[in-house]
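Enquirer: Before anything else, here's the structure in question.
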Amino acid sequence: MNDQYYTADPNSQSNPVPCAFPYRGYGLTFMTDAGVFSKGELDTGSRLLLDALPGFSGDVLDIGCGWGAIGVAIARANRAARVTMVDVNHRALALCQANCERNGVEAQVLESDGLAAVMDRRFDAIVTNPPIRAGKQVIYKMFADAAACLRAGGALYLVIRKQQGAESCVKYLKTLFDQVEKLDKSAGFWVLKASEPKEEATNDVR
């Protein structure tokens, strides 16, 4: 991997490539680019996560939105949802904004290192295909911050590859949430739902 996608300004030369996929009866089209996760295709983890999600209404947050695959799909298929998408990557944010317009969805797209820009807000659902290569400390802080930003009855949905730490991820999530469920286990990935945040949950990485 020549460029870390979890960075504000990717070094790789821009080389836009289109991508399209169906989701719950809607045909979605996107532009992707180098320096942003999963150029030119919907990655397997994101597909499994999207397929496992319930219907949404209320406020939904997509952490590490990249070029917008997950957030745009949620917004298109759930018109009652108010979707916010955040990323640290400037190139990703520009793509995400353009892809919202391309697919006729309204969503808020914000620059944010993890949840830093939205810690004063509360969400009914938080969804992420976390940037594993950013390291455990980064993604575990995302999970802890997500626990603090959920409304009562809300849940965090995420996907993680088994060989990239799914089991330890579940153990950590159980320190933050009373309920942690596996919604899907296929193609080497686990799709997880974490709900009922513990009152004592903190942002400390254990």
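Rule-based calculations on the coordinates, nothing more; no lab input. Since the structure is predicted, the reported quantities are computational estimates derived from the model, not experimental observations. No Cβ is skipped: glycine too gets one built from the backbone with ideal geometry, and neighbour counts run over all protein chains shown.
Enquirer: Could you please tell me the mean projected area of the C-alpha convex hull for region 41-117, averaged over all directions and given in square nanometres to one decimal? Working shown, then result.
Expert: Values: hull surface 19.1 nm².
That works out to 4.8 nm².
Enquirer: Projecting each Cα onto the charge dipole of region 118-175 (Lys/Arg +1, Asp/Glu -1 at the beta carbon, about the Cα centre), which of TYR157, ALA134, ALA147 comes out farthest on the positive side?
Expert: Selected residue: ALA134.
Enquirer: Return one number: the angle in degrees, 0 to 90 and rounded to the nearest 10, between the long axis of the Cα atoms of helix 136-149 and the longest principal axis of the Cα atoms of the chain.
Expert: In the chain, helix 136-149 runs at an angle near 70 degrees to the longest axis.
Enquirer: Looking at region 124-206, I'd like the Rg to Rh ratio, where Rg is from alpha-carbon atoms and Rh is Kirkwood's inverse mean 1/r.
Expert: My calculation puts Rg/Rh at 0.93.
Enquirer: Can you work out ³J(HN,Hα) from phi for every residue in region 180-192, in order, using Karplus 6.51 cos²θ - 1.76 cosθ + 1.60 and θ = phi - 60°, giving whole Hz and x for Gly and Pro?
Expert: 10, 10, 9, 7, 7, 9, 8, 6, x, 10, 10, 9, 10
Enquirer: May I ask which residue of MET31, VAL86, PHE177 lies farthest towards the positive end of the charge dipole of the chain, with charges of +1 (Lys, Arg) and -1 (Asp, Glu) on Cβ and the Cα centre as origin?
Expert: PHE177
Enquirer: Sticking with this one: Roughly speaking, what is the stretch gain from GLN13 to ARG151, that is 0.36 nm per residue apart minus the C-alpha to C-alpha distance, in nm to one decimal?
Expert: Fully extending the segment from GLN13 to ARG151 adds 45.6 nm.
Enquirer: Show me, for region 31-38, the HN-Hα J-couplings you get by feeding each phi into the Karplus relation (A = 6.51, B = -1.76, C = 1.60, θ = phi - 60°), rounded to Hz, glycine and proline as x.
Expert: Each residue's phi maps through the Karplus curve to give 10, 10, 7, 5, x, 10, 3, 6 Hz.
Enquirer: As a check on your grasp of the helix formula, calculate [θ] at 222 nm for the chain: sum -39500 (n - 2.57) over DSSP H runs of n ≥ 4, divide by the residue count, round to the nearest 500.
Expert: Computed mean residue ellipticity for the chain: -8500 deg cm²/dmol.
Enquirer: Only four residue types carry charge here, +1 at the Cβ of Lys and Arg and -1 at the Cβ of Asp and Glu. Report the dipole size of region 133-206 about the Cα centre in Debye, rounded to the nearest 20.
Expert: With Lys and Arg at +1 and Asp and Glu at -1, about 380 debye.
Enquirer: With θ taken as phi - 60° and the coefficients 6.51, -1.76 and 1.60, list the Karplus ³J(HN,Hα) couplings across region 43-56 in order, rounded to whole Hz; mark glycine and proline as x.
Expert: 5, 4, x, 5, 4, 5, 4, 4, 5, 8, 6, x, x, 10
Enquirer: Taking just the C-alpha trace of the chain, give me its Rg and Dmax in Å.
Expert: 15.6, 46
Enquirer: Also, I was wondering about something else. Once the Cβ-Cβ distance between GLU106 and ARG133 is put in as r, and R0 is 25 Å, what FRET efficiency do you end up with, to the nearest 0.05?
Expert: Between GLU106 and ARG133 the formula returns 0.20.
Enquirer: Using just the C-alpha positions of region 125-167 as equal point scatterers, what log10 of I(q)/I(0) does the Debye formula give at each q in 0.30 1/Å?
Expert: Log10 I(q)/I(0), no solvent term: -1.14.
Enquirer: Rounded, prolate or oblate: which fits region 70-151, taking a ≥ b ≥ c as square roots of the Cα gyration tensor eigenvalues, rounded meaning a/c under 1.5, else prolate when a/b beats b/c?
Expert: Oblate, because a/c is 1.5 or more while a/b does not exceed b/c.
Enquirer: Shifting gears a bit: Check GLY114: other-chain or 5+ apart residues with amide H under 5 Å from its amide H, H built from backbone geometry?
Expert: For GLY114, whose amide H was placed from the backbone, the distant partners under 5 Å are VAL88.
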